[in-house]
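Below: the structure, in C-alpha cells.
Each reported figure results from applying straightforward, stated rules to the coordinates on display, with no laboratory input. Everything numeric here is computed off the predicted structure, so don't read it as measured data. We place every Cβ from the backbone using ideal geometry, glycine too, and count neighbours over all the protein chains shown.
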Amino acid sequence: MVLDVADFTFGTLVIDGTLKIDDSIAHTTIKANNIWVRGGKLVAGIPEFPYNKKLDIELYGNRYNNPIVIDDVSRTGTKSLAVTGKLHLFGQYPEIIRTRLTAIAR
C-alpha cells in the first residue's frame, strides 16, 4: 500500500503489510498515538534512490491512551514507535554533518 496523502492522522497505526511513503508529495506528515510495524514494513526510499522529500512522524497522546501490547511480557508506553517487523528509512545525507559551537548552547 502507498501512503499518498500529505497529512494523515491515526489513533494507533499497525502495519502488517508494506506501507510505502509516496515520494511524489513534497511534505508528508504521519500523526499517531502509537505506530507498530508489527509483521510488515514501513518504507521511505531505497539505498539507490533515497527519499528526498520531507517526512514528519509525530507521536501524540497522553498517559491515558492505550499502549501497544506486543506479547504477554512486552508493552509500550504512549507515544511509541514499535518495530517488530522492518523499518526502511533511506534519506539524503545532510549538507552539514558536524559543526563547532562558537558560543555556549542554552
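Values for this structure:
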{"read-out": "Tally, over the range 34-69, of residues that are within 15 Å of GLY11 (Cβ to Cβ), under 13 Å from the mean Cα position of the chain (by Cα) and not hydrophobic (A, V, I, L, M, F, W, C)", "value": "3"}
{"read-out": "Complete set of residues in the range 57-103 that are touching a residue at least 24 places away in the same chain (Cβ under 8 Å), aliphatic (A, V, I, L, M) and touching a Lys or Arg at 6+ places or on another chain (Cβ under 7 Å)", "value": "LEU59, ILE68"}
{"read-out": "Every residue from the range 25-56 that is touching a residue at least 24 places away in the same chain (Cβ under 8 Å) and either outside any strand (DSSP E or B) or touching a Cys at 6+ places or on another chain (Cβ under 9 Å) (or both)", "value": "ILE25, ALA26, ASN33, ARG38, GLY39, GLY40, GLY45, PRO47, PRO50, ASN52, LYS53"}
{"read-out": "Complete set of residues in the range 57-106 that are out of contact with any Pro (no Cβ under 7 Å at 6 or more places or on another chain), surrounded by 10 or more Cβ atoms within 10 Å (Cβ to Cβ), in a loop (DSSP other than H, G, I, E, B) and hydrophobic (A, V, I, L, M, F, W, C)", "value": "ILE68, ILE70"}
{"read-out": "Verdict on ASP16 being buried (at least 16 other Cβ atoms within 10 Å of the Cβ), among the charged types (D, E, K, R) and either closer than 15 Å to VAL2 by Cα or in contact with a helix residue (DSSP H, G or I) (Cβ under 9 Å, 6 or more places away or on another chain) (or both)", "value": "no"}
{"read-out": "Filter result for GLY39 (over 20 Å from MET1 (Cβ atoms), small (Gly, Ala, Ser) and exposed (fewer than 13 other Cβ atoms within 10 Å of the Cβ))", "value": "no"}
